[in-house]
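Just below is one structure, and these are the notes that go with it.
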Amino acid sequence: MSHFFTRATYARLLEELTRLRSEALPALSRAKNAAAAQGDLSENAEYQATSEQLTMLQRRIYELEEQLRAPRFIEELPISCERVSVGTTVVCLDLATRETVTYTILGPADAEPEKNVISYQSPLARGLIGKEPDDEVTIEVPSGVRRLRILDIRRFDQPDQA
């Protein structure tokens, strides 16, 4: 299964994975071994805590490895702005509030809901994907029902990375 990423997010996650493998994992393993050297493991709180931390760290490493296994870079997708898709920015009119709202549809790792950057897996994005300008959609989201009219679709424009 492939995962959609912007190149910047892929690089950030790959850097995190590298840091976890090369720094955090060895340090936590050393801490666990040092705690184990203190004796009775059944009543050794430090050993139990480092064991739990090590398990969580290994889970995060596995999760990152799985996510990064088959990347598809959004910047390289053949995006047509005739229909909403991953990698598009959609300008909508909220039919209830009469306000214009803009959503950018990217992969889960790129999502920043507070900035209206949403995952293609979200209910809102799933309701928008495949629609065209002037389409009106009614989408059930966790906070209720949204009624939107699509005003414009354009290719996702990634801000320059500093």
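The values are calculated or read from the model by the stated rules, or taken from the named source; none is laboratory data. Values in this document were obtained by computation on a predicted structure and should not be read as measured data. All Cβ positions, glycine included, derive from the backbone under ideal geometry; neighbour counts span all protein chains shown.
Worth a mention:
- Test result for Leu77, of a type outside the set (Asp, Glu), surrounded by fewer than 20 Cβ atoms within 10 Å (Cβ to Cβ) and within 18 Å of the chain's Cα centre (by Cα): yes
- Identity of the residue in the stretch 59-85, charged (D, E, K, R) and in contact with a helix residue (DSSP H, G or I) (Cβ under 9 Å, 6 or more places away or on another chain), that ends up farthest from Glu132 (Cα to Cα): Arg60
- For the stretch 1-26, filtered to residues that are closer than 18 Å to Arg60 by Cα and surrounded by fewer than 12 Cβ atoms within 10 Å (Cβ to Cβ), the residue that is nearest to the chain's Cα centre (by Cα) is Glu15.
- If only residues of the stretch 83-95 that are touching a residue at least 60 places away in the same chain (Cβ under 8 Å) and not charged (D, E, K, R) are counted, the one that is surrounded by the fewest Cβ atoms within 10 Å (Cβ to Cβ) is Val91.
- Given (1) loosely packed, with under 15 Cβ neighbours inside 10 Å; (2) closer than 26 Å to Glu75 by Cβ; (3) of a type in the set (Lys, Arg), number of the condition Arg98 does not satisfy: (2)
- Unique residue being in the same structural domain as Glu15 (by TED's automatic domain parsing) and either modelled with pLDDT of 95 or more or farther than 30 Å from Ala34 by Cβ (or both) when the list is Gln121, Gln53, Gln58: Gln58
- Only residues that are surrounded by fewer than 17 Cβ atoms within 10 Å (Cβ to Cβ), under 13 Å from Ser85 (Cα atoms) and hydrophobic (A, V, I, L, M, F, W, C) were counted across the stretch 119-156, and they come to 1.
- Residues of the stretch 95-112 that are assigned to a helix (DSSP H, G or I) and closer than 22 Å to Cys81 by Cα: Pro108, Asp110.
- Any hit, the stretch 95-104, residues being touching a Cys at 6+ places or on another chain (Cβ under 8 Å), closer than 23 Å to Asp135 by Cβ and among the aromatic types (Phe, Trp, Tyr): yes
- Hits in the stretch 99-115 - residues which are over 20 Å from Ser2 (Cα atoms) and charged (D, E, K, R): Glu99, Glu112, Glu114, Lys115
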